Amino acid sequence: MSIKIKLSAIIFGSVLLILALTFTLNLHAARSNLRNESINNMKMTAKQIAVAVEQSSYSSNYVQHQIAQNLRMTAILASRELDPDIKNVKSEQLLALTHKLGVSNISLLVKTDDDIVVAKSSDPSELGLSTNGMGYWYVALLELFTGQEVSVEQGESFENFWSGPFEYSTSNPKYIEKWGYYYDKARNYIIDPYIRSTAVSDYIRIMNPDEIVRQSKEVNPGILEITGINPKTFGSPSMQPDGSDAANQKLRTRPIKYGTYTFGNVEEDKAAVMEAVSGGKPITLDTQAFGKRVLKSFIPIMQAGTENYVISVVMDYSVISSVIKKQLINNVSTSVILLVAFFVVSYALAGIVTRPIKDILAKVNDVARGRFETPLKVDSRDELGQLAHRINAMTSHLLQHTNRLGQTLEENRAVKERLESVINGTSDAIHTMDMDGRIISTNRAFEELYGWSATDELPRTPYLVPATAQKQEETRLKELKNGTVLPPLETIRLKRDGSLVEVSVSTSIIRDEEGKPQSFVHVSRDMTERNRIEELLRRSEKLTTVGQLAAGVAHEIRNPLTTLRGFLQLQQEKKVLVPLHVELMLSELERINLIVSEFLILAKPQAVHFQQKDVRHILGDVVSLLSSQAHLFGIEFETKFSKLPATVHCEENQLKQVFINVVKNAIEAMPEGGTITLEQDTVDGYVIIVISDEGVGVPEEMLPKLGEPFFTNKETGTGLGLMVSQRIIQSHKGSMEIRSEYGCGAEVTIKLPAAGEVAPGQSMNEERSEDIHED
C-alpha cells in the first residue's frame, strides 16, 4: 500500500473518528435529554394526579363530616331510649331503633380486660367482633371509653363522640361503611350507629382517582401504568404479584390505593418505594417488564393532614428509542455524504504531499544497493526539503563509514586468527557448552585431554561429569546463572575412554545484550602431575612429623622405664616382692601403653568409613557417656541444639573421640564443679559446635602451644590428645579453634561442612585409604 493511499486513509479515518465521536456524544446527549424529559413528564403527571386526589379528598371529608354529625345525633337519640345497663337492652329494641332513626345498624360495645368487643347489635353478624387489632381505631375507642379526649388524627371527634373514616365492613367486606361511637359516661357501653349502603360505596368509587388515572394515560400514550402505592403495606408477605392483599383489604391499609399494578416487580419496587419515602425525592428505575424496556418513576406525595404515599408511573422506553432512531438515521445520511467528499479531497491532497517522498524513496533504494554518488535535488524548504538535505548528508557519511568498515573487517579477521592461535596453543583445555549441555567449540588441548571434539557427530551429548559430581556441577551452573562469581574447583572428570582425570575447572557464563545466559565457557587444567608432587610433599612432611613424634615418645617413655628398672633392680637385690612397688610399676606401664596408643592413632590411623550422621545424635551419645563422671565432680551439662537436622559426612567413632577429649578436658578443668555448655547450629553451609566450660581457663602465653606434641598443663596428661583431635577434624575438612581467658573458662569451636554443601565422602575415603596403604 502506497503512502498516498495511507495518507488518504489517515485523513479519512480521522474524519470518520471525529464523526463517530460526534454521533456518540449527540446520541448520548439526546438519550439523556429524552430520558430526563420523560422523567419530568412522569413527575408532572404524578403531581397532577396528587392534586386531583387532594381536591377529591376535600369533598370526601365534607361528606364524612356531615354523616358524622348525623350519626352523633342518632347516637344521642338512641341513648335517651336505651337503658344505661347493657344487660337490660334487647337486640329487638336495637333493631326497632335502627328503623326508627334511619341508620343501617346499631351495635353496643363493652370493654373487657384487653379488648373492646360488640356485645349487642341489631345485626347478628356483628356480635363478638373485636377492635383490638384495628390500630388507631382501637386507640380511639379506648380513649373514648376512659373519658379522655380522642387524640388520633384519623376521623372526626366531637364531645363524647368519635367517627372513623369511610372503611370496608369487617363483617361484610363488600360494603363500605361509616361508623360513629358515642359514650356519655352514664352507661357501661358505647353506642355504635353506622351506615351501610350501596350509595356510600358508589360515592367512594366515584371519588376514587382511577378516572383521573385513565384520562392521564390517554393524554400521554407512552404511559403504560399509574399506581398509587401505600408504603406501609406494599410488599408485605401477604401481598400478591397483582397488588391484591387478603390481609389488608381496608381502604387505609390496601397496598394499592388506586390504579393498577401490572408492570411490577414487588421486591425491586418495594426497595424503590422505601428509598423514595425516606429520601423525600423521586426514584427512577430503568428495567424490563413483559419483555419490554420501561422507565419506572416513584414520586413521593407529602401532604399535610394526610398520610404520605407514593405514585408509580411506568413509561414505555420505545417512545425514547423511536425518537433516537429517527435522529440517528438523519445523522448517518448526512455523514455518508460528507465522508465521500472528504475521501476525494484527501486523495488529491495526498498526491501533492507525497510527490517529494517518492523522490526520497528512490534515493534510499539507491543507497540500499550501494550507490551513494548522486545527491537529491532540493526545491523546497519545508520538512521534506530538510529531510532531503539530511539524506544527502547521511549518504556522504555512509560512504565514508563503508570504507572504514571494510578496513575494520580485515583487522578483525586478523585478530580472530591470532586469538584462535593463542587458544589452540594454550595447555589448558577450553570448551564452550550451550544451555542444553551441547559442546559448541573446543581447542586442541581439550581434544588431547578428554578425547572429544566439537566437530564430532555424536548420537548424544558427551558425558564429562561423573555421577558423583553431577549434583555439585548443577549447583555451580545454577549459581553462575544467578550472577555468582565462583573460584576454580578441583574435581574429577571423565575422558572419552571412561577413565577419570583430576582437573581444576574454572567456569564463566556468556550473556547476550539483554543479560540472558547463552553459554558456558569451561577452562580445565590437568592436575594429575601437580597432585602427585603434592602427595610426595605430604608424605615427606608426614615422615618428618612422625620422626618428631618418635623422638618425643622415646623421651616420654624413658622416664617410666627408668622407674621400672630401678624398682626391678631393688627387688632383685632384696629378693622380696613389695606390693607397693608392683602397683607403681603397673602404673608406669599403663602410662607407657597410653603414650604408645595415642602415638599409633596419630601416626597410623585405622581404616575408616565415612557416613552421613547427625552431629546432634553424636553429641548426645557423648553427653550420656560422660554424665556419670561429670556428676561425680558436681558438673552439669547444658545443651542448645538446633531443631533442624545437622548432617555431616564423618567417621562417627573419630568424632566421638574428639568430643570426648574436649569434654574430658573441660571436666578436669573444673574440680569445683560447674556447667559445661554444648551448642550446635548450622550457618552458611557449615555445622558449628561450641563446647564451653567454667574452669580456670588457659593462660594467654600457652594458647599458641596448644596442639603441639606432648605439650600439656596437666600432671597426668600426655600432650597428644588435642593434636589427635585436630588431625581428625582436619581429615573431615573442618577446623577447630580454642579461645580462653585465664580465670574465665575456655571455649572450643569446631566447624564441619554440612552434608548438603560438601560431599567429602569419596575424596576423603580415598585419602584415608592411601594413608593406610602407605603406612
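The values are calculated or read from the model by the stated rules, or taken from the named source; none is laboratory data. Please read these numbers as outputs of a predicted model, since none were measured by experiment. Every residue, glycine as well, gets a Cβ built from its backbone with ideal geometry; the counts of neighbours run over all protein chains shown. In case anyone asks, the SASA skips ligands and DNA or RNA and just uses the protein heavy atoms, side chains included. Shrake-Rupley method; radii C 1.70, N 1.55, O 1.52, S 1.80 Å.
Kindly indicate whether Glu126 is of a type in the set (D, E, K, R), on the phi < 0 side of the Ramachandran plot and at pLDDT 85 or above. Quick ask: steps written out before the conclusion?
On the way: of a type in the set (D, E, K, R): yes; on the phi < 0 side of the Ramachandran plot: yes; at pLDDT 85 or above: no.
No: the conditions fail for Glu126.
Against the numbered list (1) touching a strand residue (DSSP E or B) at 6+ places or on another chain (Cβ under 6 Å); (2) over 18 Å from Ile430 (Cβ atoms); (3) surrounded by fewer than 18 Cβ atoms within 10 Å (Cβ to Cβ), Glu514 comes up short only at (1).
In the set Ser244, Ser171, which member is at pLDDT 80 or above and not basic (Lys, Arg)?
On the way: Ser171 fails: at pLDDT 80 or above.
It is Ser244.
Within segment 22-35, residues that are farther than 13 Å from Lys326 by Cβ and among the aromatic types (Phe, Trp, Tyr) reach partners that are open to solvent by less than 40 Å² (accessible area, probe 1.4 Å) and at pLDDT 75 or above with beta carbons closer than 9 Å, at six or more positions or on different chains, in the pairs Phe23/Ser335. Exactly one residue out of Ser79, Ser38, Ser8 is more than 60 Å from the chain's Cα centre (by Cα) and in contact (Cβ under 8 Å) with a residue 12 or more places away in the chain: that is Ser79. Could we say that Val314 is touching a Leu at 6+ places or on another chain (Cβ under 6 Å), of a type in the set (Val, Ile, Thr) and either open to solvent by less than 40 Å² (accessible area, probe 1.4 Å) or over 22 Å from Ser238 (Cα atoms) (or both) here? So Val314 passes the test.
Look at Leu619 and say whether it is part of a helix (DSSP H, G or I), surrounded by 14 or more Cβ atoms within 10 Å (Cβ to Cβ) and at pLDDT 90 or above. It would help to see each step written out before you state the result.
Working: part of a helix (DSSP H, G or I): yes; surrounded by 14 or more Cβ atoms within 10 Å (Cβ to Cβ): yes; at pLDDT 90 or above: yes.
When the stated conditions are applied, Leu619 passes them.
I'd like to know if segment 38-50 contains one or more residues that are farther than 30 Å from Gln327 by Cβ and crowded, with 16+ Cβ neighbours inside 10 Å.
Taking segment 38-50 as the starting set, the residues that turn out to be farther than 30 Å from Gln327 by Cβ are 49-50.
Now drop any that are not crowded, with 16+ Cβ neighbours inside 10 Å, which leaves 49-50.
Checked against the condition, which is being farther than 30 Å from Gln327 by Cβ and crowded, with 16+ Cβ neighbours inside 10 Å, segment 38-50 yields at least one hit.
Filtering segment 345-354 down to residues that are of a type outside the set (Gly, Ala, Ser) and surrounded by 11 or more Cβ atoms within 10 Å (Cβ to Cβ), which residue is farthest from Asn33 (Cα to Cα)? If we take residues in segment 345-354 being of a type outside the set (Gly, Ala, Ser) and surrounded by 11 or more Cβ atoms within 10 Å (Cβ to Cβ), then Thr354 is farthest from Asn33 (Cα to Cα).
When segment 285-305 is filtered for residues that are surrounded by fewer than 20 Cβ atoms within 10 Å (Cβ to Cβ), under 21 Å from Val51 (Cα atoms) and touching a helix residue (DSSP H, G or I) at 6+ places or on another chain (Cβ under 7 Å), only Gln303 remains. Considering Val422, Val485, the condition of being modelled with pLDDT under 80 and more than 30 Å from Arg371 (Cα to Cα) is satisfied by Val422 alone. When Ser79 is tested against (1) under 30 Å from Ser216 (Cα atoms); (2) open to solvent by less than 50 Å² (accessible area, probe 1.4 Å), exactly one condition is not met: (1).
Scan segment 512-522 and tell me whether some residue there is part of a loop (DSSP other than H, G, I, E, B) and in contact (Cβ under 8 Å) with a residue 12 or more places away in the chain.
Here is the first cut: in segment 512-522, the ones part of a loop (DSSP other than H, G, I, E, B) are 512-516.
From what's left, in contact (Cβ under 8 Å) with a residue 12 or more places away in the chain: none.
Checked against the condition, which is being part of a loop (DSSP other than H, G, I, E, B) and in contact (Cβ under 8 Å) with a residue 12 or more places away in the chain, segment 512-522 yields no hits at all.
Regarding Val273, is this residue within 49 Å of the chain's Cα centre (by Cα), of a type in the set (Val, Ile, Thr), buried (at least 19 other Cβ atoms within 10 Å of the Cβ) and under 23 Å from Asn41 (Cα atoms)?
Numbers: within 49 Å of the chain's Cα centre (by Cα): yes; of a type in the set (Val, Ile, Thr): yes; buried (at least 19 other Cβ atoms within 10 Å of the Cβ): yes; under 23 Å from Asn41 (Cα atoms): yes.
So Val273 passes the test.
Just to be sure, is Leu568 at pLDDT 60 or above and open to solvent by 50 Å² or more (accessible area, probe 1.4 Å)? In short, yes.
Considering (1) under 15 Å from Gly451 (Cα atoms); (2) open to solvent by 30 Å² or more (accessible area, probe 1.4 Å), the lone condition that Val503 does not fulfil carries the number (2).
Limited to segment 89-117, what total is found for residues that are open to solvent by 10 Å² or more (accessible area, probe 1.4 Å), closer than 16 Å to Gly180 by Cβ and assigned to a strand (DSSP E or B)? Please lay out each step first, then the result.
Narrowing segment 89-117 to residues open to solvent by 10 Å² or more (accessible area, probe 1.4 Å): 90-93, 95-96, 99-105, 110-115, 117.
Filter once more, keeping what is closer than 16 Å to Gly180 by Cβ: 101-105.
Keeping just the survivors that are assigned to a strand (DSSP E or B) gives 105.
Result for segment 89-117: 1.
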